1. What tally of residues in segment 233-286 results from selecting those that are closer than 23 Å to Ala322 by Cβ, of a type outside the set (A, V, I, L, M) and at pLDDT 85 or above?
2. Any residue in segment 362-384 that is touching a residue at least 60 places away in the same chain (Cβ under 8 Å) and in contact with a Ser or Thr (Cβ under 9 Å, 6 or more places away or on another chain)?
3. Looking only at segment 81-95, decide whether some residue is surrounded by fewer than 14 Cβ atoms within 10 Å (Cβ to Cβ) and among the aliphatic types (A, V, I, L, M).
4. Kindly evaluate Glu248 against the criterion of being within 24 Å of Tyr113 (Cα to Cα), touching a helix residue (DSSP H, G or I) at 6+ places or on another chain (Cβ under 7 Å) and among the acidic types (Asp, Glu).
5. Identify the residue in segment 352-401 that is of a type in the set (Gly, Ala, Ser) and part of a helix (DSSP H, G or I) and, among all such residues, is nearest to Phe66 (Cα to Cα).
6. Taking Leu228 as the residue in question, decide whether it is buried (at least 18 other Cβ atoms within 10 Å of the Cβ), more than 22 Å from the chain's Cα centre (by Cα), part of a helix (DSSP H, G or I) and at negative phi.
7. Can you tell me which of (1) under 33 Å from the mean Cα position of the chain (by Cα); (2) modelled with pLDDT under 70 is the one Ala111 doesn't meet?
8. Does Leu295 fit the bill of being of a type in the set (A, V, I, L, M), in contact (Cβ under 8 Å) with a residue 40 or more places away in the chain and either surrounded by fewer than 18 Cβ atoms within 10 Å (Cβ to Cβ) or more than 29 Å from Met351 (Cα to Cα) (or both)?
Amino acid sequence: MTPDHPASIVEVSLAPSPEATPIVATPPTEPAPQLLHMPISIRSLSLVLLALFASLFVLQWAKAVFIPLMLGVIFSYALSPLVNWMEGKRVPRWLGAAVLLLAIIGAIAGATYSLRDEALKMVDSLPAAAQKFRQTIKGRPAKSDSTLQSVQKAATQIEQAAREGAPPDPVTTSRGALRVVVESPRFNVADYLWTGTIGLMTLVGQVTVVVFLTYFLMVSGDTFRRKLVKIAGPSLSTKKITLQALDEVTGQIQRYLQVQLFTSAVVGLLTGVALWIVGLENAAVWGIAAGVLNLVPYVGSLMTAVASALVGFLQFGSLNMAFVVGGTSLFIHTFIGNLITPWLTSRASRMNPVAVFVGLLAWGWLWGVWGLLLGMPILMIVKSVCDRVDDLKPVGEFLGS
């Protein structure tokens with residue numbers, strides 16, 4: 001490097017150029033949360049619950065009106081095919097409905113009259129059965145005390161020792177203790193007869209209401225059906241949906257009643273034959289009772305088993321034979337109820353078994369035995385209506401199989 005050629009100074013800029021800007025990796029953004037659209041608005045849920053509670057209160061408060069009404073509707077659904085068949089044979093509807101109802105009432109009265117002696121004999125034997133059962137229990141050899149009984153006995157002895165060691169109460173010692181004896185009221189035959197008469201008159205009145213309501217519904221034919229289709233709405237699609245719902249309700253209820261009558265007849269026949277083979281007296285009465293009580297879900301089988309076991313114990317005088325009689329009746333009910341009835345009912349109603357069980361519990365709590373009888377047809381009607389209303393389709397989906 002010479003002085004004639006001075007050194008050139010090269011300046012290097014450290015500032016980054018736009019082309020050399022480094023790329024910084026940013027974390028990926030989270031996806032937006034998905035919102036669940038409920039079929040029922042949360043804001044209106046409180047109104048729905050209030051309406052539900054109000055409906056339950058009205059159904060409980062006016063059950064004396066709703067129960068005969070529902071029974072009349074169900075009986076009219078069951079008997080209308082026969083009335084329609086007689087109308088096809090040129091028999092007027094009013095005459096065919098009257099003859100059918102009179103025939104049914106006469107058959108029930110005739111069966112009751114023919115079996116009255118056996119039924120009264122069975123009722124008269126109940127006190128003797130209770131006494132014999134008590135004597136049998138007393139005559140059994142005493143077993144050693146259980147742990148709970150030993151603890152209870154020890155607690156009683158400790159309490160007695162504490163009372164003996166406690167100082168006497170001066171107030172009680174000076175004034176003495178006032179002993180109060182509460183006497184139970186004596187049995188009054190007049191009150192009992194009055195209560196029984198009022199109950200009998202109420203039952204007769206309700207049966208009369210059901211009979212006349214069933215008659216008028218069968219005579220009316222499809223009058224109410226046409227009225228419901230007419231008031232459903234002006235559009236043809238609405239009328240068509242209403243007609244389909246009515247047809248489905250009619251078909252499902254009729255099939256369900258046919259299944260119940262068939263299974264009840266099978267249960268009654270098998271129970272009567274089985275108890276006759278065992279040697280139980282009045283087996284025909286128990287067969288009829290088993291067939292009738294089979295219409296009451298879950299409770300009827302237990303009632304039949306317990307009552308027949310009690311009568312079997314009275315007749316044979318042995319707990320083993322009582323268990324055989326009650327177990328035979330319960331086995332027949334369980335076999336028919338768990339194998340044949342669910343299969344036929346599922347084909348007839350297409351209902352969810354869990355929803356049916358919960359619904360029957362709810363109606364049984366609301367109306368007692370009548371609720372158990374009417375719960376299934378009511379659930380069928382509710383499902384058929386909910387399947388064709390947009391806002392109620394979730395309820396129909398829940399009830400469906």
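1. Residues flagged as closer than 23 Å to Ala322 by Cβ, of a type outside the set (A, V, I, L, M) and at pLDDT 85 or above within segment 233-286 amount to 5.
2. yes
3. Within segment 81-95, one or more residues are surrounded by fewer than 14 Cβ atoms within 10 Å (Cβ to Cβ) and among the aliphatic types (A, V, I, L, M).
4. For Glu248, the condition - within 24 Å of Tyr113 (Cα to Cα), touching a helix residue (DSSP H, G or I) at 6+ places or on another chain (Cβ under 7 Å) and among the acidic types (Asp, Glu) - is not met.
5. This residue is Gly371.
6. Spelling it out, it is not the case that Leu228 is buried (at least 18 other Cβ atoms within 10 Å of the Cβ), more than 22 Å from the chain's Cα centre (by Cα), part of a helix (DSSP H, G or I) and at negative phi.
7. Tallying (1) under 33 Å from the mean Cα position of the chain (by Cα); (2) modelled with pLDDT under 70, Ala111 fails exactly one: (2).
8. yes
The values are calculated or read from the model by the stated rules, or taken from the named source; none is laboratory data. Since this is a predicted model, take the numbers as computed values, not measurements. Glycine gets a Cβ as well: all are built from the backbone with ideal geometry, and neighbour counts include every protein chain shown.
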